[in-house]
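Worksheet: one structure, shown below.
The values are calculated or read from the model by the stated rules, or taken from the named source; none is laboratory data. If you're wondering where the values come from, they're calculated on a predicted model, not measured in any experiment. Cβ sites come from the backbone with ideal geometry, for glycine too, and all protein chains shown count toward neighbours. Accessible surface is based on the protein model in full, side chains and every heavy atom, while ligands, DNA and RNA are left aside. Shrake-Rupley method; radii C 1.70, N 1.55, O 1.52, S 1.80 Å.
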There are 2 protein chains.
Amino acid sequence: MARQPGKVQIIPLGGMGEIGKNMTVIRYGDEIIVVDAGLMFPEDDMLGIDLVIPDISYLLDNRELVKAIVLTHGHEDHIGALPYVLKQLSVPVYGTRLTLGILEGRLKENNVSASNLHAVKSGDQIQIGHFSIGFIRVSHSIADSVALSIKTPVGVIVHTGDFKLDQTPVDGKVTDFHKFAELGDQGVLVLLADSTNAERPGYTPSEKSVGVTFDDAFRNARERIIIASFSSNIHRIQQAIDTACKYRRRVAILGRSMVNVVTIALELGYLNIPEGVIVDIDEINNYPSSGIVILTTGSQGEPMSALTRMAMSDHKKVEIIPGDTVIISATPIPGNEKLVSRTIDFLFRQGAEVVYESTSGIHVSGHASQEELKLMHNLLRPKFFIPVHGEYRHLIKHSKLAQSLGMAKENIFVAENGQVLEFTADKGAVTGKVTSGNVLVDGLGVGDVGNIVLRDRRQLSQDGILIIVVTMDKQRGQVAAGPDIVSRGFVYVRESEQLMEDAKERVKQALEKCELNNITEWAAIKSNVRDTLGKYLYERTRRRPMILPIIMEV
Amino acid sequence: MARQPGKVQIIPLGGMGEIGKNMTVIRYGDEIIVVDAGLMFPEDDMLGIDLVIPDISYLLDNRELVKAIVLTHGHEDHIGALPYVLKQLSVPVYGTRLTLGILEGRLKENNVSASNLHAVKSGDQIQIGHFSIGFIRVSHSIADSVALSIKTPVGVIVHTGDFKLDQTPVDGKVTDFHKFAELGDQGVLVLLADSTNAERPGYTPSEKSVGVTFDDAFRNARERIIIASFSSNIHRIQQAIDTACKYRRRVAILGRSMVNVVTIALELGYLNIPEGVIVDIDEINNYPSSGIVILTTGSQGEPMSALTRMAMSDHKKVEIIPGDTVIISATPIPGNEKLVSRTIDFLFRQGAEVVYESTSGIHVSGHASQEELKLMHNLLRPKFFIPVHGEYRHLIKHSKLAQSLGMAKENIFVAENGQVLEFTADKGAVTGKVTSGNVLVDGLGVGDVGNIVLRDRRQLSQDGILIIVVTMDKQRGQVAAGPDIVSRGFVYVRESEQLMEDAKERVKQALEKCELNNITEWAAIKSNVRDTLGKYLYERTRRRPMILPIIMEV
């Protein structure tokens, strides 16, 4: 083993300049540990893509060095790439019990073995090679979240994971301020900290404040109450159930991921539900509507989710009844605004009373705002700082926040995915770059859709396609059949017969011209047809459909 | 003329349950006037569509009855359909000078005559048939906005247009509260009022508050200042220019629509710019960077706009220099959030200081919040109320607001586009339905893209297309050439050669089976190929590309 006692490397493979696919490599000599392995939901222009995972070429090239993957919490953007990563890389995974419980479900869905998962709890300390890793309790919008202290021979690295400093968490388990203070006293070399809310002044409200809003909504509701939330927010679910108990309502759980997570959380003791409160969704009609709460998914207006189906009168088991109160206990994730607002509109049309974000305190963020970030910096007093988990502007804002606390700009690294950040006990620098990027997952295909395919999908989505088929007689060197034109997604053909006739005529002329000029190479003929027709169609319609000439030979 | 002295009809053709394509028909007997004729920007699932306009079949079927189109202000969602409407309907258009100035530009771009436009000013009263129409000054995010009072033999209809109650407007021209009070005193039969901000409690801040934020930003800026805003917000532009003057900076105007609107507004006297302040964009390098402001478009992150091009280092004339201050003086319109945030990120990457909405008071809405809406209702005290200009939930909230002021629910009509609302002096009811809907504009095509084309585009955008070409020998009834398979937007072919080979094999088998079973009808052969291949590809890839079999005959 080539030891480099004086240096530790930090290499983000995801999460820099983006919200999603969080993954950070920490390397000391010939030992690598990885913090988190998340997925990202596709950007608008990644048409047809289901999800995006980090490019892990660097880890595959160094597979013998990778000693462990350590998880901070169970959200998709921190664990969602593991079903793909673990198929390629056999390595132990460490996380808290709820995190691993959720992960196990994901692995099972993807037929990946869950035999190498190792449960830890906050307060634990484990040794992996030269790394001594501590798990520190923090508050977040999912239970059992931890920050990590990673002791290396060079110094201590602290990774906050996703966190907020909730002073009154629902389960009473406050962020381990003492541990952070202790680490700060002992000296922190590098801090990596959550930047999601670096733009927001003040403090993020306590999760408990949502309980107050639930109480208001329950007090005013006369008929059924339907609550949509993130299934992973166990504390939100606990509060919904507590409020239901207070108002003597029974609770039915609906939606695959809600059922899954509630089952896991109950098994592991993260949810506390009195006997008899939960009823089967098929039994809700046995109770008066004033005695029912339905807890479900779909807070993001996802087209296939339970709430959206209800809104569209398309759910098999539940239909909205005028007078129902629907509580959407979430904020739209950027990009989902229109989906959510469409769902709300349809719920109103069905006669429901809808309680949603822009009119109430029905959701709070799980991420620290500026004053909380400042406290974290002041507790830890790190020598170097890497803002993580954010769009570029969030990283910049977080960097400025650190500077406002007195940190020197040169000790702050606003990094890019793939950059190698190298630290000695008193110096930090960007020393290189490794492969990083997006691997696109589409159905069963991982990485088989790239830029060319996406470019084609974009063109097809805008103006459709025209296919021109010609059969050529090989021996005589002339057209044996066709040209035929077939279009899809271009114009409504019945109303554009003349246009299509004219187009065919242009293709014929182009082919004749090729014959006259003795152009016999297929590529040249195709290119002639494409250009002629493309120009003509743009002139007539101002559209640029994909034009695909196909020549057959008999 | 078949007079119906006791009834007036109000028929919304757009703007109900949607933000955009505002258009309302008012009919008394054999006379129709139309309020506004706006466009809507396409929904996310309207792939490739440029814009959406209202279906005006009802007006075309009653073309002799249409006496005038009356405009409230110059925003696209109120005038943008006119280039299409006026091609089909020859009718005088009334509006204030700035509204018509902007409209003229649009008409010219579309080669539509602007000869039948008639300028009015706030305070004017015009008579059209039995309708006496008054133009009432209101504040909005475009200058020269008016509400309409429409006196009919049945009673007075008030249409607020888009409005807010700015107590300190930039041009000093306060909303005509007195006129609204007078109308309320005389009695209003029906009120149609802007519902955009019916969800927002309190008051919308004055446009002048943005000037204060400009001042802060200018005071802190050491290098160039680049301001992106809606070109139509003349008062915002005036404030930017005033602040530039105060800080002795010169102003360059950039971006087609910004140049157009500033030119019109200057010509018509709506902008007040001292001599020598405006400089050509090509001359900005003749001045110190601390003496320059660039006023431009792109506040919505529109891909082709000046600001986006600058952010991407793709602008011909201006590139971002580290130290530039970029002020994005707008809120993202729902659906544009990701575009705007991408632009901000790229500007930060270029080293600019970016001032944007979520961190500052750099934008205010142009629409009345709840307290302003209440005042409008209390001034006018209408007998009947139709909330307009909003998603369904905005209309519902506005209806509830009116009820909270004491209005009876049965006097409020939350209407759908196309519904005929009929009012006598003391009764209102929905009495029918006329044709209404979306006409899609794609390039030069108006209405030639419908649901089938959009469905195809959606399928193409998700999983691409596979085209299978077979040439059949007519006489022998067997395959003469092929099958050939060509795909686009499906998989990256070079990495999926085996898959494509296997797919071809399946097609061959399907064709052979058809031959064996004497299936000779082309439609049946195609359907066999499509089913076989579709099933196979879904199994292998979990994707459902469009499959298009083409049979040629020789």
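Under 5 Å from the amide H of A:Ile550 lie the amide H atoms of A:Ile468, A:Val469, A:Val470, each residue being 5 or more positions distant or on a separate chain, with H modelled from the backbone and absent for Pro and chain starts. Since only B:Leu183, B:Gly48, B:Ser329 are under comparison, the one whose Cα sits farthest along the positive direction of the charge dipole of chain B, derived from C-beta charges on Lys, Arg, Asp and Glu, is B:Leu183.
So, with +1 on the Cβ of K and R and -1 on the Cβ of D and E, and no other charges, what is the size of the charge dipole of the protein assembly as shown about its Cα centre, to the nearest 20 debye? Please report the intermediate quantities before stating the final value.
Working: 120 positive and 134 negative charges, 84 e Å.
Dipole about the Cα centre, nearest 20: 400 debye.
Is there a quick way to get the dipole size of the range B:208-358? I mean about its Cα centre, with the Cβ of Lys and Arg at +1 and of Asp and Glu at -1; what is the value in debye to the nearest 20? Mind dumping the intermediate values first?
Working: 16 positive and 17 negative charges, 19 e Å.
Dipole of the range B:208-358, to the nearest 20 debye: 100 debye.
If a spin label sat at a point 7 angstrom from the Cα of B:Val174 along the line to its beta carbon, the backbone N atoms of the range B:136-165 nearer than 13 Å would be those of B:139, B:165.
Ellipticity at 222 nm from helices only: DSSP H runs of n ≥ 4 in chain B, each -39500 (n - 2.57), divided by the residue count, give -9500 deg cm²/dmol.
Annotation: for a label point projected 7 angstrom from Cα along Cα→Cβ of A:Asp473, residues of the range A:512-554 with backbone N closer than 14 Å are A:553-554. Using the Karplus relation 6.51 cos²θ - 1.76 cosθ + 1.60 with θ = phi - 60°, the per-residue 3J(HN,Hα) values for the range B:53-69 come to 10, x, 6, 10, 3, 4, 6, 5, 5, 10, 4, 6, 7, 6, 9, 6, 10 Hz, with x marking Gly and Pro. Probing with 1.4 Å while keeping every protein chain in the model, the per residue accessible area of the protein assembly as shown equals 41 Å². With axes computed from alpha carbons, what is the tilt in degrees of helix A:177-186 against the longest principal axis of chain A, rounded to the nearest 10 within 0 to 90? Tilt of helix A:177-186: around 90 degrees. Under a 5 Å amide H cut-off, with hydrogens placed 1.01 Å from N, A:Tyr94 pairs with A:Ile69, A:Val70, A:Leu71, A:His118 among residues at least 5 apart or on other chains. Plainly put, the tip 7 Å out from Cα toward Cβ on A:Ala408 is 7.8 nm from that tip on each other copy, the closest given first. Computed from Cα atoms, the angle from the helix B:337-349 axis to the main principal axis of chain B rounds to 90 degrees. The equivalent ellipsoid of the protein assembly as shown has semi-axes of 48, 43, 33 Å, largest first, where each one is the square root of 5 times an eigenvalue of the Cα gyration tensor. The accessible area of B:Thr96, taken with all protein chains in place and a 1.4 Å probe, comes to roughly 0 Å².
Within the straight-line cut-off of under 25 Å between alpha carbons, none of the lysines are reachable from B:Lys317, sequence neighbours fewer than 8 places apart in one chain being disregarded. Annotation for the range B:1-53: trypsin sites (Lys or Arg not before Pro) lying in DSSP loop with at most 12 further Cβ atoms inside 10 Å of their Cβ are B:Arg3. Taking label positions 7 Å along the Cα-Cβ direction at both A:Glu512 and A:Ser57, the computed distance is 5.2 nm, reported to one decimal. The protection proxy used here, the mean number of other Cβ atoms lying within 10 Å of each residue, ranks peptides A:183-191, A:129-137 as follows, highest first: A:129-137, A:183-191.
Pull out the extension gain between A:Ser115 and A:Val430, defined as 0.36 nm times the separation in residues minus the alpha carbon to alpha carbon distance; nm, one decimal.
Stretched fully, the A:Ser115-A:Val430 segment lengthens by 109.7 nm.
Inter-chain Cβ neighbour count for B:538-551, averaged per residue, equals 3 (cutoff 10 Å, partner chain atoms only). Each other copy holds its own label point for B:Gly437; taking that point as 7 Å from Cα along Cα to Cβ, the gaps run 4.5 nm, nearest first. Sequentially through the range A:226-237, phi angles give Karplus couplings (6.51, -1.76, 1.60; θ = phi - 60°) of 10, 10, 10, 8, 5, 5, 7, 7, 4, 5, 5, 5 Hz, Gly and Pro residues having no value and appearing as x. For the range A:288-353 versus the range B:226-289, the inter-centroid distance based on Cα atoms is 47 Å. Protection proxy ranking, highest mean first, for peptides B:104-112, A:484-492, A:330-338: A:484-492, A:330-338, B:104-112, where packing is the per-residue count of other beta-carbon atoms within 10 Å, averaged. Computed over protein heavy atoms with a 1.4 Å probe, the carbon and sulfur contribution to the accessible area of the protein assembly as shown reaches 47%. For the range A:442-459 versus the range A:150-208, the spacing of their alpha-carbon centroids is 39 Å.
Charge dipole of the range A:451-553 (Cα centre as origin; +1 on each Lys and Arg Cβ, -1 on each Asp and Glu Cβ, all else neutral): 440 debye, rounded to the nearest 20. For A:Ile278, the residues whose amide H sits under 5 Å from its own are A:Val251, ignoring neighbours fewer than 5 places away on the same chain, with H placed 1.01 Å from N. Expressed to the nearest 5 percent, the antiparallel share of DSSP beta bridges inside chain B is 55 percent. Taking the longest Cα principal axis of chain B as reference, the axis of helix B:497-516 is set at about 70 degrees. For the residue pairs A:Lys474/B:Lys504; A:Lys173/A:Lys338; B:Lys433/B:Lys526; A:Lys108/A:Lys374, the C-alpha atoms sit more than 31 angstrom apart in A:Lys173/A:Lys338; B:Lys433/B:Lys526; A:Lys108/A:Lys374. Here is how far apart the B:Met304 label points are across copies: 3.6 nm, shortest first, using a point 7 Å from Cα toward Cβ. Each residue of the range B:271-283 was assigned a 3J(HN,Hα) from its phi angle through the Karplus expression (A = 6.51, B = -1.76, C = 1.60, θ = phi - 60°), giving 10, 10, 10, x, 3, x, 6, 6, 10, 6, 4, 6, 9 Hz with x at Gly and Pro.
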